[in-house]
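See structure below.
The values are calculated or read from the model by the stated rules, or taken from the named source; none is laboratory data. A quick note: this is a predicted structure, and the numbers were derived from the prediction, not measured. Cβ placement follows ideal geometry from the backbone for every residue including glycine, while neighbour counts extend to all protein chains displayed.
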Amino acid sequence: MKIPLSSGLDTRAARGAMTADEFLARFPEAPPDLAEEPVLQDYVRAFGPLLRLARKPTPCMRDGGDHPHAFYTRLVTDLAIYGMGLARRDRTLARLQATLDEYRRQPATFACTLVPRRPPGAPRSGCA
């Protein structure tokens, strides 16, 4: 699977490592009480380039959207659920750690595992 690079990717990636503060500013649905957690700081450092590409899916994304939407769904949703009070802090941190552990096992191909496969010739996701 090949994930196409979006325009301006080099510019966005060249800004350096993402910080927890930048992450919380970009995704206000993530709770700020986790900002000082070492797990969140490692998470943001590891996934910063993917988080900079991540975009929240709109309601009309019938089949999950494109790779920016898949990155959001896999990397931000757990934090948003905790931010709404629907998950416990310890379990949320454990899920972040599990995702980090999975990434560390296969860092070169991890992003490809986040995006669901589509059959050849399938139409692109999005709103009609």
Tell me, which helices (runs of 4 or more DSSP H) wholly within the range 1-65 include 1 or more residues that are at pLDDT 95 or above and of a type outside the set (S, T, N, Q)? 20-26, 38-53
Can you say whether ALA98 is exposed (fewer than 12 other Cβ atoms within 10 Å of the Cβ), hydrophobic (A, V, I, L, M, F, W, C) and modelled with pLDDT under 80, as far as the supplied structure shows? no
Of the residues that sit in the range 36-45 and are touching a Ser or Thr at 6+ places or on another chain (Cβ under 9 Å) and not β-branched (Val, Ile, Thr), which one is farthest from ALA70 (Cα to Cα)? GLN41
Return the pair list, or none, for Cβ contacts closer than 7 Å from residues in the range 109-128 that are on the phi < 0 side of the Ramachandran plot to residues that are modelled with pLDDT of 80 or more and among the hydrophobic types (A, V, I, L, M, F, W, C), at least 6 apart or on different chains. ALA111/LEU50; LEU114/ALA70; LEU114/PHE71; VAL115/ALA70; PRO116/ALA70
Out of all the residues in the range 81-88, is one or more at positive phi, surrounded by fewer than 14 Cβ atoms within 10 Å (Cβ to Cβ), not in a helix (DSSP H, G or I) and not aliphatic (A, V, I, L, M)? yes
